[in-house]
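Structure, as structure tokens:
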Amino acid sequence: MTKLSYDVLKATIDSASALEIVGMIHLASRRLQELERIPSNGPAEASTYPSAVTIAAQRVEVGIYLAGSPGLRQRAEAVGKAIYKIGTTTRRSAQDRVDDLSKIRYGGYDTVAGSHRAGFDDYSLIPFKGGARAMPPGLKLRDGCLFVTLPRDLSRGQFECRFRHAIAAHSVLSWAETEEGRTHLLARGKQLTDLPSVTGFAHGIVRAKELYFLPLTKATAVVAEAAAAVCLAA
């Protein structure tokens with residue numbers, strides 16, 4: 001069995017995603033169980049499980065989804081700009097992740113009224129639309145979502161952070177803090193609290209950082225190009 005140096009093992013763990021680390025722990029536990037069953041005077045059988053390095057080297061596929069709800073649509077009409085939730089997931093079905101948004105009523109807490117706005121408990125998946133332009137390398141459109149295969153040295157967590165930064169120019173929260181945003185809201189008789197900006201939980205409120213002003217006609221191109229740029233820069 002190949003032995004790993006401390007430096008190699010540390011580098012592997014540092015670059016691993018949470019999912020990969022869970023896999024490493026699982027395999028290590030299984031290996032320890034095997035060793036406990038081996039007689040002290042008997043040879044150890046060759047392990048059929050992949051090593052931690054093999055797991056870390058596997059390329060991760062991340063899905064990027066677009067979602068909306070009646071509550072978001074009502075807020076968008078009030079502000080005069082299309083608003084959508086754009087997020088990432090490694091689940092087999094992005095709809096499962098979208099169902100979670102409905103359960104927590106993502107972005108639907110009204111800080112003035114101290115309660116949840118109506119229509120934020122019914123999120124639905126909105127399909128990305130393919131256009132005349134081909135998808136950037138490493139991306140594909142499947143079941144209405146964009147899927148990106150990450151470079152081996154880019155974890156899911158790193159990709160998500162950099163992807164958010166890449167589309168930050170369309171962020172509802174970032175826009176609301178600009179001079180343009182404040183002027184736009186003032187002209188429509190609205191203010192920051194009229195935007196879908198926070199999610200309410202039993203322990204407090206959390207900023208809804210994944211809501212974006214982005215027309216559907218531009219969504220696919222903007223998101224695909226941002227994801228491709230993140231992977232290219234890794």
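A few remarks follow.
- Rolling a 1.4 angstrom probe over the protein heavy atoms with all chains in place gives the range 93-170 an accessible area of 55 Å² per residue.
- Three principal axis lengths of the range 148-234 [C-alpha, angstrom, descending]: 48, 36, 21
- Residue ranges 104-110, 78-84 sort as 104-110, 78-84 when ordered by packing (mean number of other C-beta atoms within 10 Å per residue, highest first).
- Residues whose amide H comes within less than 5 Å of that of Asp110, counting only those at least five positions distant or on another chain, are Ser115, His116, Arg117 (H built at 1.01 Å from N in the peptide plane).
- Neighbour cut-off at most 14 other Cβ (10 Å), DSSP loop, GluC sites (Glu not before Pro), the range 161-195: Glu177
- Pairs spanning more than 21 Å between alpha-carbon atoms, out of Lys103/Lys209; Lys103/Lys129; Lys81/Lys218; Lys103/Lys218: Lys103/Lys129; Lys103/Lys218.
- A convex hull fitted around the alpha carbon atoms of the range 69-175 yields 135 Å³ per residue.
- Count Lys and Arg as plus one, Asp and Glu as minus one, and take only other residues whose Cβ is under 13 Å from that of Phe147; the net charge is then +4.
- Other residues within the sphere of radius under 9 Å centred on the Cβ of Tyr65, judged by their own Cβ, net out at +2 (K and R +1, D and E -1).
The values are calculated or read from the model by the stated rules, or taken from the named source; none is laboratory data. Values in this document were obtained by computation on a predicted structure and should not be read as measured data. Please note: Cβ atoms are built from the backbone with ideal geometry, for glycine as well, and neighbour counts cover all protein chains shown. Only protein heavy atoms, including side chains, enter the accessible area calculation; ligands, DNA and RNA are left aside. Shrake-Rupley method; radii C 1.70, N 1.55, O 1.52, S 1.80 Å.
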